[in-house]
Amino acid sequence: MRIASFLKKTAVIAFVVGGLAGVVFALTAEQIDNLTTTDNFCTSCHSMQAYIADTETYKSSAHQTTASGVRPKCADCHIPKGLVSATYTHIVNGVGDLWGQASLDYEDPKVWEAEKARLAYAVRDWMRANDSVTCRSCHEETSIRPKRKRGKRQHEEARKSSMTCIDCHYNLVHEEIPARESFLNAAGQKK
């Protein structure tokens, strides 16, 4: 009887302590997510400020100069919503970004020029693999109303063929990087 009572108490204590630890972990992860999804954080390293945020391409992009005044932050496009997926993405991408900052001399513009296409391709591939989830967190596909006939036709075709946003919209905000042939072929686009 004493053993059963001891095990019961131990299980309750473990459950309570585990629950509290889980709550503390979730709240901490949420605060870290809030801190690391600001534009100030994203552009805190010199290379992101110099090669992205300070460029005319970025400043004059459709996402930075909207008539509605809505201005997405870096994380709105690069980090999915939801604590678990955001934390996972922050960890995986953050480790990769830290490794790149530590192992490559991005202060040298030649290094940046040599690396930027690879970085753009990695983001495009991630967005395609995740059905442009970050685009869809702001844009409701069925509500998009292109003004030109070509845009209307292409959006209708995209809906029918299960294309994703990044398949066509891969140079919206950053300096233009041509798509790889394999990327275009996978999206059903031919040059």
Could you derive backbone 3J(HN,Hα) for region 17-27 from the dihedral phi with the Karplus parameters 6.51, -1.76 and 1.60 (θ = phi - 60°), listing whole Hz in sequence and x where the residue is Gly or Pro?
4, x, x, 4, 4, x, 5, 4, 4, 5, 5
Please list 3J(HN,Hα) in residue order for region 134-146, calculated via the Karplus relation 6.51 cos²θ - 1.76 cosθ + 1.60 where θ = phi - 60°; whole Hz, with x for glycine and proline.
6, 4, 5, 6, 10, 9, 8, 3, 6, 9, 6, 10, x
The answer for the net charge of residues other than ARG145 whose Cβ lies under 14 angstrom from its Cβ, with Lys and Arg +1 and Asp and Glu -1, is +4
Average Cα contact separation per residue, the chain, under 8 Å, 6 or more apart, as relative contact order %
22
Leaving out ligands and nucleic acids, and using a 1.4 Å probe, what accessible area per residue does region 1-121 come to in Å²?
71
Of every hundred units of 1.4 Å-probe accessible area on region 76-191, the number belonging to carbon and sulfur atoms, as a percent, is 58
Cα-Cα over 31 Å, subset of LYS81/LYS110; LYS8/LYS81; LYS59/LYS110; LYS110/LYS149; LYS59/LYS149; LYS73/LYS152:
LYS81/LYS110; LYS8/LYS81; LYS110/LYS149
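The values are calculated or read from the model by the stated rules, or taken from the named source; none is laboratory data. The structure presented is a predicted model; accordingly, all values stated were derived computationally and were not measured. Glycine also receives a Cβ, built like all others from the backbone with ideal geometry; neighbour counts cover every protein chain displayed. What goes into the accessible areas is simple: the full protein's heavy atoms, side chains included, and nothing from ligands, DNA or RNA. Shrake-Rupley method; radii C 1.70, N 1.55, O 1.52, S 1.80 Å.
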